[in-house]
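Right, one structure below, let's go through it.
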Amino acid sequence: MELRPAYGTRRGAMSRLLVGVLGLSPTSFDNHMGRKHTRVLISIWLSIFFALFYVATARGTLTFGDDMSMLSVTRSIATEGSVAVPPGTPGAKLGVDGRYYSKYGLGQSLLGVPFYLIGAFIQDHYSDRMLLAEHANPNANPLTYCVCLLGIISTVGTVVLLYLSCLRLGFDESASIVAALAFGTCTFAWFYARTFMTEPTSTFFFLLAFYCLLRCDGGRRFAWLFLSGLGLGAAILVRLQNAIVVPAFAIWLIFALWVWQKRAFKDSLSAAAVWSAPVLASFGVIAAYNYVRFGNVSDTGLAAPLKVIFENPFYVGLYGLLVSPGKSIFWYAPILIVAVYGWRFIWIKCPRITGIVALLAATYLLFYSHIIWWPGGGTWGPRFMVQMVPFLMIGLAALIDQGLGLVGRIAVGTTMALSLFIQIVSVLVSYIPYEALMDRTSETYDRLLWIPAYSPIIIQSRYLIHHQYPYDLAYNAYPSSFLAHLQFIAFIGALAVFGVGIRVFFNRHNLDSMLVEK
């Protein structure tokens, strides 16, 4: 096989021109285009598409007690330079100084400050008077809309990092793109991207720590190690429970430095110190935050003792998070079934990383299976498993990279379509009416968790088909004609960007093929 430009076509002439200008052989031209520029362009394409897509389906309101509490802290930081909250704030506890403080992590509230300031400016200068009317939702205003953009930006970043991580693991470009697209549209990460909850930010920081560790075996090793530690430290600041994955990441680092790369002891110790510094700093900030609020570095504000928190038999939570129709990750995102099957091919390609990520996912799953609030409260789907979804989706990239026959394409296409429909249900139909109905007694809530006919997926699909409730989108929550126009334009823009990206992507492959003549 000989590589040379296809001289007999117009595109072949363009290829000759590019090769001549760049001073490359056809083979190096192909490598140059594919390795240096394509991933940047595709990352930008994914970012723009998902930013528009998530704005088009944004909700822009607060409905959880957790996010209301964290927003109260954000408001106090932005307006008073304090972390105290009003006494009636959800999850607030009396502090040592007689004021009330939120029991939730500081990181999410700090990240929300820039968005709060933007929302405050909009509310003061450009707010629609309709938002200030008496009938308006008290949790629907420019402030809350803007802070919810943090979830959108975090999930967009996670999509891009998943694409880059799959490439770094050696999977094909097309497989990496499909895995990223499927994560952003076919999993419940889409639902949580619309909130001010800690799931989107935690997921982003976890994957940042993961991707940077993948990069630490090349150039600028200490910079990547520091960024990895910074990502993990930020995840811990956002939610202290995220610290349970520190041992898995630490084991990975130890094996990478001393076993796989065989670094000298002094060099390995320096690398470990660079990675550990941001993680330890995050624990120091949390300790100081606890002391300021409650006079004890270990007091996080949780009312229940640890013995009570971990009294749930772990097999109940494990069964619930994996199998139950009310909270199973596979019910709420069937594409994960295919992705988990694809993990057999990750093991073949990179067994070391497979073992580490499996340890990470197992740690998270077993921890939350053992706590009494494993269902995640009155929320949509398995809230505590959002952080593990991108790691599981790597299996989809591995499966596609391995090659799919007719049966495989049908299986992947069917599960993606079903998963997409379930996410559309979660976005367009509010989960609150049905959750409130089933939360009234323990008997009805058990039905929601364990009996398929009472699964929120089944019930809310009926609601959607019969259009029983207005669509759970921002333009209905406020209501606002401006937001209706904005979301419509964003949706059309997302479709256009997606179409252009697919066209450019496939045209690039056509160009590559024209550079090769057998």
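Only the coordinates and a few stated rules stand behind these numbers; no lab work does. What you see is a predicted model, and the numbers here were worked out from it, not measured in a lab. Positions of Cβ are backbone-derived with ideal geometry, glycine not excepted, and every protein chain shown enters the neighbour counts.
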TODO: Sort Glu173, Glu443 so the one with the fewest other Cβ atoms within 10 Å of its own Cβ comes first.
DONE: Glu443, Glu173
TODO: Using only the alpha carbons, work out the radius of gyration and Dmax of the range 197-285 in angstrom.
DONE: 12.5, 42
Task: Ellipsoid equivalent to the range 390-479 - semi-axes via the Cα gyration tensor, in Å - done: 32, 18, 12
TODO: Kindly put Glu435, Glu199 in sequence by how many other C-beta atoms sit within 10 Å of each C-beta, fewest to most.
DONE: Glu435, Glu199
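Restricting to Cα pairs below 8 Å that are 6+ residues apart, what does the relative contact order work out to for the range 148-472? Please round to a whole percent.
Working: 475 pairs, mean separation 68.9, N = 325.
Computed over the range 148-472, the figure is 21 percent.
For the range 65-144, what relative contact order do you get, as a whole percent, if you take Cα pairs closer than 8 Å and at least 6 residues apart?
Values: 97 pairs, mean separation 20.6, N = 80.
Normalised by residue count, the contact order of the range 65-144 is 26 percent.
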Task: Point-charge dipole on Cβ atoms (K/R +1, D/E -1) for the chain, about Cα centre, debye to 20 - done: 1360
Open item on the list: Using +1 at the C-beta of Lys and Arg and -1 at the C-beta of Asp and Glu, which of Gln123, Leu94, Gln108 has the Cα lying farthest in the positive direction of the dipole of the range 65-144?
Closed with: Leu94
Open item on the list: Restricted to Cα positions, what overall size does the chain have along the principal axes? Three whole-Å values, descending.
Closed with: 78, 61, 50
Task: the chain: angle of helix 265-294 to the longest principal axis, Cα-based, in degrees nearest 10 - done: 20
TODO: Using the charge dipole of the range 148-472 (Lys, Arg: +1 at Cβ; Asp, Glu: -1 at Cβ; taken about the Cα centre), state which of Gly231, Leu169, Trp450 has its Cα farthest towards the positive end.
DONE: Leu169
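Could you list Ser174, Ser426 so that the one with the fewest beta carbons within 10 Å of its beta carbon is first and the one with the most is last?
On the way: Ser174 14, Ser426 23.
If I rank by nearby Cβ atoms, fewest first, I get Ser174, Ser426.
Quote the relative contact order of the range 262-345 in percent (integer), defining contacts as alpha-carbon pairs under 8 Å separated by 6+ residues.
Details: 34 pairs, mean separation 7.6, N = 84.
The normalised contact order for the range 262-345 reaches 9 percent.
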TODO: May I ask for the angle, rounded to the nearest 10°, between helix 406-428 and the longest principal axis of the chain, with both axes built from Cα atoms and the value confined to 0 to 90°?
DONE: 30
Task: Principal semi-axes in Å for the range 264-423 [√(5λ), Cα gyration tensor, largest first] - done: 34, 25, 13
Open item on the list: Using only the alpha-carbon atoms, what does the range 248-329 span along each of its principal axes? Please give whole angstrom values in decreasing order.
Closed with: 49, 41, 19
Open item on the list: At 7 Å along Cα-to-Cβ for each site, give me the label-to-label distance between Asp299 and Ser47 in nm.
Closed with: 4.4
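In debye, nearest 20, what is the charge dipole magnitude of the range 287-403 about its Cα centre with +1 on Lys and Arg Cβ and -1 on Asp and Glu Cβ, if you could check?
Using only the charged Cβ atoms, the result is roughly 120 debye.
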- [ ] Obtain the radius of gyration and the Kirkwood radius of the range 65-144 from its C-alpha atoms and give Rg over Rh.
- [x] 1.01
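Compute the length gained on full extension between Arg352 and Val40: take 0.36 nm times their separation in residues and subtract their Cα-Cα distance, giving the result in nm to one decimal. Present the calculation step by step, with values, prior to reporting the outcome.
Working: separation 312, 0.36 × 312 = 112.32 nm, distance 2.71 nm.
Length gained, Arg352 through Val40: 109.6 nm.
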